[in-house]
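Student: Input: one structure, supplied below.
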Amino acid sequence: MSDGRAGNGGGTSEAQTFYGRWARFYDAIATLPGIGSWRERAVDGLELSPGDTVVEMGCGTGANLSYLREAVGAGGSVVGVDVTRGMLDRARRHVAAEGWENVHLVRGDATAPPIERVDALFASFVVGMFETPEIVVEDWLALVRSGGRVALLDATRSTRPNAKPLDAAFRLFVAASAPPTTQLRYADPPWESLDRRVAAARRPLESRTVEYGTAEFALGFVRLASGHVP
C-alpha cells in the first residue's frame with residue numbers, strides 16, 4: 001500500500017509505469033475522509049517549527065504537503081522526493097494550484113535521496129516496498145540533524161481481535177495496489193512481506209532515536225512510529 005512509491009533500491013521501470021498509471025487512483029485514495037487525520041497526527045509527531053526544512057520520502061501525489069507546509073510556515077521549506085513521474089506530475093499540479101513557492105519536488109530514489117541535512121524526515125506508506133527497509137531508514141536517520149525527528153506512517157495487518165473481519169479486505173487491497181504478477185498463488189504473499197518490511201523499518205528508528213513513540217489508527221491497520229535523532 002502506498003500513496004508514493006519512492007523507489008526500492010533497484011526498482012524496475014515496470015513498477016514505475018504501474019504506479020504512474022494509477023496516480024489518479026492513489027490521489028483519490030490518499031484524500032478519502034478520515035485519512036487526513038492520520039496524516040495530521042503524523043506531522044504533529046515531527047514537532048516541526050516555523051522555518052524548518054522537512055523532507056518527505058515518497059511524496060507521491062502530494063497528500064501530505066499541505067500539512068507539512070503549514071507546520072514549517074512560509075519561512076520554512078518542504079522537499080518532496082518520489083521516483084515516479086506520474087505521481088510527481090499530480091503533486092506539481094497541486095503545488096502550482098496552491099501557489100506554494102517553498103514546496104520543492106524532486107524526482108529521485110528514496111534509497112539514495114538527492115538531499116543534504118534536514119530538520120525532519122517523514123515517509124508515509126512507503127517503507128513496505130523496500131527490499132532492505134532497515135538499511136534505508138538508517139540512511140535516512142543520518143540525513144536528519146541532531147534533535148530533529150523522523151516519522152514513519154504505514155499500513156500493516158492488524159493484530160486486534162475486533163479487526164479480523166476486515167483482514168481479508170486489507171489483504172485484497174494490498175495485492176491490488178502492488179505491481180501485477182503472473183502468479184496465481186503467492187510464494188510470499190505481499191501482505192506478509194509488507195508486515196515484515198514495516199517491522200524491519202521500525203527497528204533502527206527504535207534503537208537509534210530517543211523519545212521513540214508509536215500510535216495506531218484504523219483498528220490497528222495504520223501505525224505511526226517516530227523518534228528524535230540524538
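Student: From the list Ser77, Ser66, Ser124, which residue is touching a residue at least 12 places away in the same chain (Cβ under 8 Å), more than 23 Å from Phe217 (Cα to Cα) and small (Gly, Ala, Ser)?
Tutor: Ser77
Student: Just for region 35-87: of the residues that are acidic (Asp, Glu) and buried (at least 24 other Cβ atoms within 10 Å of the Cβ), which one is modelled with the lowest pLDDT?
Tutor: This residue is Asp82.
Residue by residue, here is whether (1) assigned to a strand (DSSP E or B); (2) touching a Gly at 6+ places or on another chain (Cβ under 8 Å) holds:
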residue: Val55; (1), (2): yes, yes
residue: Cys59; (1), (2): no, yes
residue: Gly62; (1), (2): no, yes
residue: Gly75; (1), (2): no, yes
residue: Val81; (1), (2): yes, yes
residue: Gly86; (1), (2): no, yes
residue: Arg90; (1), (2): no, yes
residue: Arg93; (1), (2): no, no
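One line per residue, one yes/no per condition, for (1) surrounded by 14 or more Cβ atoms within 10 Å (Cβ to Cβ); (2) at pLDDT 95 or above; (3) within 17 Å of the chain's Cα centre (by Cα):
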position: Gln183; (1), (2), (3): no, no, no
position: Leu194; (1), (2), (3): yes, no, yes
position: Val198; (1), (2), (3): yes, yes, yes
position: Ser207; (1), (2), (3): no, yes, no
position: Val210; (1), (2), (3): no, yes, no
position: Thr214; (1), (2), (3): yes, yes, yes
position: Leu224; (1), (2), (3): yes, yes, yes
position: Val229; (1), (2), (3): yes, yes, no
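Student: Inside region 147-179, can you point out the residues that are surrounded by fewer than 20 Cβ atoms within 10 Å (Cβ to Cβ) and acidic (Asp, Glu)?
Tutor: Asp167
Student: Over 22 Å from Arg85 (Cα atoms), touching a strand residue (DSSP E or B) at 6+ places or on another chain (Cβ under 9 Å) and among the basic types (Lys, Arg): does that describe Arg145?
Tutor: So Arg145 passes the test.
Student: Related question: Test Leu32 against the stated conditions and say whether it is at pLDDT below 95, outside any helix (DSSP H, G or I) and more than 15 Å from the chain's Cα centre (by Cα).
Tutor: Yes; evaluated as a whole, the condition is true for this residue.
Student: Is it the case, given these coordinates, that Arg69 is within 27 Å of Val174 (Cα to Cα) and not β-branched (Val, Ile, Thr)?
Tutor: no
Student: Taking the stated definitions as given, is Glu70 in a helix (DSSP H, G or I) and under 15 Å from Leu48 (Cβ atoms)?
Tutor: yes
Student: Taking region 210-230, which residues are in contact with a helix residue (DSSP H, G or I) (Cβ under 7 Å, 6 or more places away or on another chain), part of a loop (DSSP other than H, G, I, E, B) and not aromatic (Phe, Trp, Tyr)?
Tutor: If the condition is that a residue be in contact with a helix residue (DSSP H, G or I) (Cβ under 7 Å, 6 or more places away or on another chain), part of a loop (DSSP other than H, G, I, E, B) and not aromatic (Phe, Trp, Tyr), then Val229 is the only one that fits.
Student: Would you pick out the residues in region 95-130 that are under 19 Å from Ala142 (Cα atoms) and either in a helix (DSSP H, G or I) or among the acidic types (Asp, Glu) (or both)?
Tutor: Matches in region 95-130: Asp109, Glu116, Asp119, Val127.
The values are calculated or read from the model by the stated rules, or taken from the named source; none is laboratory data. Since the structure is predicted, the reported quantities are computational estimates derived from the model, not experimental observations. Methodologically, a virtual Cβ is constructed for each residue, glycine included, from the backbone with ideal geometry; neighbour enumeration extends over all protein chains shown.
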